[in-house]
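Encoded as structure tokens, the structure appears first; notes follow it.
The values are calculated or read from the model by the stated rules, or taken from the named source; none is laboratory data. Note that the structure is predicted; figures quoted are calculated from it, not measured. Cβ placement follows ideal geometry from the backbone for every residue including glycine, while neighbour counts extend to all protein chains displayed.
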């Protein structure tokens with residue numbers, strides 16, 4: 001699937017947001033982590049500074065930092081206007097206000113852009129996307145998928161969801177996916193088929209409440225763990 005930068009609205013989340021939306025404990029941060037669809041999030045940069053082991057995979061990384069920054073600057077006014085026009089459609093307990101949210105995202109994306117070039121040279125940012133990832137079987141302890149699967153139910157096919165979940169399960173021993181709502185705020189129809197498929201492959205699957213909520217009711221993640229017999 002080709003990625004055209006002008007069709008992307010880069011929107012990066014912070015290390016603290018990742019901790020909350022994926023329920024990451026200190027022990028989790030000591031594992032080898034793959035972030036799938038991280039975009040311009042600062043999780044990789046900040047966890048690396050803390051001594052963690054993390055790789056981010058996203059087609060956005062095909063583009064140079066200067067081009068990504070230009071696209072962020074162009075996309076930001078539209079994103080902010082959309083948030084302001086739909087204030088009642090979001091929960092503001094976590095971020096407080098649109099201004100606080102925008103500032104947190106701006107700081108996260110600045111940290112990402114400062115880290116990108118060096119991180120690419122060290123192999124921490126890989127231009128790749130689901131449903132095919134260029135990593136060996138079981139290469140990671142934990143795969144995190146934020147605002148991709150389930151978010152785009154109805155736009156990404158059921159077959160894509162199953163292939164993508166299978167690929168994440170191939171490269172990691174545990175997979176966490178957030179959120180379980182589509183972009184319209186309704187429960188994603190693809191959750192049940194993915195859950196059933198993973199269980200059929202011997203994975204233990206649970207849905208867990210998390211501390212992060214922006215979409216009302218969007219405070220749950222799917223967690224899948226594989227324990228060899």
Picked from region 16-33 (must be under 19 Å from residue 101 (Cα atoms) and free of Cβ contacts under 8 Å to residues at least 40 places away in the same chain), the residue farthest from the chain's Cα centre (by Cα) is 16
Output for region 141-165, where each listed residue is within 17 Å of residue 35 (Cα to Cα) and either touching a helix residue (DSSP H, G or I) at 6+ places or on another chain (Cβ under 7 Å) or in contact (Cβ under 8 Å) with a residue 40 or more places away in the chain (or both): 141, 142, 143, 144, 145, 146, 147, 148, 149, 150, 161, 165
Quick test of your reading of the structure: residue 167 fulfils all but one of (1) over 18 Å from residue 22 (Cβ atoms); (2) at pLDDT 95 or above; (3) exposed (fewer than 15 other Cβ atoms within 10 Å of the Cβ); (4) in contact with a strand residue (DSSP E or B) (Cβ under 8 Å, 6 or more places away or on another chain). Name the failing condition by number. (3)
I'd like the full set of residues that are more than 23 Å from residue 56 (Cα to Cα) and either touching a helix residue (DSSP H, G or I) at 6+ places or on another chain (Cβ under 6 Å) or in a helix (DSSP H, G or I) (or both), limited to region 166-192. 190, 191, 192
Going by the structure shown, is residue 225 in contact with a strand residue (DSSP E or B) (Cβ under 9 Å, 6 or more places away or on another chain), surrounded by fewer than 17 Cβ atoms within 10 Å (Cβ to Cβ) and under 27 Å from residue 42 (Cβ atoms)? yes
Selection over region 34-57 where residues are assigned to a loop (DSSP other than H, G, I, E, B) and over 14 Å from the mean Cα position of the chain (by Cα) yields a count of 3
Tell me which residues, restricted to region 100-140, are without any contact (Cβ under 8 Å) to a residue 40 or more places away in the chain and on the phi > 0 side of the Ramachandran plot. 138
Check off (1) part of a strand (DSSP E or B); (2) in contact with a helix residue (DSSP H, G or I) (Cβ under 8 Å, 6 or more places away or on another chain) for residue 223 and give me the number that stays unchecked. (2)
Given the criterion more than 16 Å from residue 37 (Cα to Cα) and either outside any helix (DSSP H, G or I) or modelled with pLDDT of 95 or more (or both), identify the matching residue among 120, 114. 114
Please go through region 193-213 and pick out each residue that is surrounded by fewer than 20 Cβ atoms within 10 Å (Cβ to Cβ), in contact (Cβ under 8 Å) with a residue 12 or more places away in the chain and either out of contact with any helix residue (DSSP H, G or I) (no Cβ under 6 Å at 6 or more places or on another chain) or in a helix (DSSP H, G or I) (or both). 193, 195, 197, 201, 202, 203, 204, 206, 207, 208
